[in-house]
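A short worksheet on the structure shown next.
Any read-out appearing in this document is the output of simple, stated calculations on the displayed coordinates, not a laboratory observation. Since the model is a prediction, treat every value here as computed from it, not as a measurement. Here the Cβ is made from the backbone with ideal geometry for all residues, glycine too, and neighbour counts use every protein chain on show.
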Amino acid sequence: MPKIVLGIPKGSLEQSTVDMFAKAGYAISISSRSYYPTIDDPEIDCVLIRAQEMARYVQEGILDCGLTGKDWIVESGADVAEVCELVYGKVGRKPLRWVLAVPENSGIQCAKDLEGKRIATEAVGMTKRYLEKHGVTANVEFSWGATEVKPPRLADAIVEITETGSSLKANNLKIIDTLCESTTRFIANHDSMADAWKKSKVEKLALLLEAVLRAEGKVGLMMNVKIADKDRVIAKLPALERPTVSALSEDGWCSLNTIVDEATVRDLVPELLKLGAHGIVEYPLNKLFY
């Protein structure tokens with residue numbers, strides 16, 4: 001039986017990735033003592049790999065495909081096929097930023113001021129390319145963690161990942177530039193994508209995962225409406241395209257089915273009832289296909 005080898009990111013994205021696959025219809029089980037999760041698809045083998053290393057193993061063909069951040073693709077310089085963008089994370093759904101930060105009272109105002117300085121970061125390659133682009137020579141040191149606490153004693157500046165910048169502010173650091181914005185990408189090996197069967201399997205996974213994220217924050221609404229009230233109710237519905245209208249067995253009535261943002265339901269439903277909607281049912285969505 002043909003198979004693909006799928007890389008699951010170990011660490012901060014691990015649980016959210018498993019949850020996303022569950023909504024896509026794939027049950028992944030991870031043992032605390034194994035780096036080989038099980039999945040209820042005999043055509044897929046899973047391997048737990050840190051996101052930082054994912055792109056390299058996909059490029060080398062050890063993995064056919066995997067999920068990792070755009071930042072780690074850039075950092076590794078790996079040549080991989082980006083199948084799709086999947087904007088999800090441990091908590092938020094916003095892109096993350098790799099930023100250059102210095103102490104609030106630092107005299108460093110721009111990249112040129114880093115000449116001869118010491119910079120701590122986990123993204124060494126990205127930082128060196130940034131300095132090269134600006135014609136600056138500086139000492140870039142790999143940081144094993146807690147990077148934001150290193151200035152000013154252990155480093156003059158840092159390059160660190162952030163979503164809101166709150167941790168940097170808490171450590172009296174200011175952002176002076178952004179090196180890279182990053183979201184999660186579903187990537188694949190070029191040779192794997194040249195294989196018709198593997199390409200089809202990878203694209204099927206991408207289709208389902210995109211549908212899961214597209215459905216987030218949305219719900220379905222079903223309701224019965226008198227034909228006489230139909231146009232007023234439809235005018236109130238913020239449908240993705242337009243609501244589905246179906247005839248009911250009772251003359252003079254129809255059924256409406258639509259998809260709306262979940263956050264609007266608390267205000268929308270009372271208004272629909274006033275306009276003549278009856279028997280409103282709200283239901284969750286796992287996937288949304290366009």
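Among I4, I119, I176, rank each residue by its count of other Cβ atoms within 10 Å, from fewest to most, as a rough exposure measure.
So the residues, fewest neighbours to most, are I176, I4, I119.
Among all helices in the chain defined by DSSP H, which have a length of 20 Å or more along the axis from Cα atoms plus a Kyte-Doolittle mean of at least 0.0?
Passing helices, by number: 196-215.
Among N139, S76, V245, whose Cα lies farthest out toward the positive end of the dipole of the chain, if unit charges sit on the beta carbon of Lys, Arg (+1) and Asp, Glu (-1)?
Farthest along the dipole direction, towards plus: N139.
Rounded to the nearest 0.05, what FRET efficiency do K3 and V87 have when you use their Cβ-Cβ distance and R0 = 35 Å?
The calculated FRET efficiency here is 0.80.
Which entry is the computed semi-axes √(5λ) of the Cα gyration tensor in Å for this structure: [x] 45, 27, 15; [y] 24, 22, 20; [z] 30, 22, 18?
Computed from the coordinates, semi-axes √(5λ) of the Cα gyration tensor in Å corresponds to [x].
At most 11 other Cβ atoms within 10 Å and a DSSP loop assignment: could you name the GluC sites (Glu not before Pro) in region 225-290 that fit?
Here the sparse-neighbourhood loop sites are E241, E250.
Among the chymotrypsin sites (Phe, Trp or Tyr not before Pro) in region 16-96, which ones are in a DSSP loop with at most 16 other Cβ atoms within 10 Å of the Cβ? Mind listing them?
When the chymotrypsin sites (Phe, Trp or Tyr not before Pro) of region 16-96 are filtered for loop state and at most 16 Cβ neighbours within 10 Å, Y35 remain.
In the chain, what percentage of the DSSP-assigned beta bridges are antiparallel, given to the nearest 5?
Approximately 75 percent, going by the DSSP bridge assignments.
What is the Cα centroid distance between region 182-218 and region 240-290, reported in whole angstrom?
31 Å
Tell me, in nm to one decimal, what length is gained between E104 and D231 on full extension, where the rule is 0.36 nm per residue of separation less the Cα-Cα distance?
So the extension gain works out to 39.9 nm.
Just to confirm a number: summing +1 for Lys and Arg and -1 for Asp and Glu over residues other than V265 whose beta-carbon lies under 13 angstrom from that of V265, what do you get?
-2
Can you tell me, using C-alpha contacts under 8 Å and at least 6 residues apart, the relative contact order of the chain as a whole percent?
19 percent
Just need the Rg to Rh number for region 218-284, please, alpha carbons only, Kirkwood Rh.
Radius of gyration relative to Kirkwood radius: 0.93.
If you take every DSSP beta bridge whose two residues both sit in region 96-181, what share of them, in percent to the nearest 5, is antiparallel?
Roughly 65 percent of the DSSP beta bridges within region 96-181 come out antiparallel.
On a straight-distance basis, which lysines could pair with K201 in a cross-link, Cα separation under 23 angstrom, same-chain partners fewer than 8 positions away excluded?
Output for K201: K3, K10, K23, K70, K287.
Would you work out if region 246-290 is rounded, prolate or oblate? Take a ≥ b ≥ c from the square roots of the eigenvalues of the alpha-carbon gyration tensor; rounded if a/c is under 1.5, else prolate when a/b is larger than b/c, oblate otherwise.
It comes out oblate by the Cα gyration axes.
Among all the aspartates and glutamates, which ones have a C-alpha under 20 Å from K198's C-alpha, if same-chain residues fewer than 8 places away are not counted?
Cross-link targets: D40, D41, E43, D45, E60, D64, D79, E82, E85, E210.
Considering the alpha-carbon set of region 90-233 alone, what are its Rg and its Dmax in angstrom?
According to the Cα coordinates of region 90-233, Rg and Dmax are 23.2, 77 Å.
Gain in length, V269 to V124, computed as 0.36 nm per residue apart minus the alpha-carbon separation, to one decimal in nm?
Using 0.36 nm per residue and subtracting the Cα-Cα distance, I get 47.0 nm.
Please list, ordered by chain and number, the residues whose modelled amide H lies under 5 Å from the amide H of D177; skip anything fewer than 5 residues away on the same chain.
It is L100, by chain and number.
Report the trypsin sites (Lys or Arg not before Pro) located in region 32-127 that are in a DSSP loop and have at most 15 other Cβ atoms inside 10 Å of their Cβ, or state none.
Filter output for region 32-127: R33, K90, R93.
In straight Cα distance, which lysines are under 19 Å from K117, not counting same-chain residues fewer than 8 positions off?
Straight-line reach from K117, under 19 Å: K128, K133, K150, K174.
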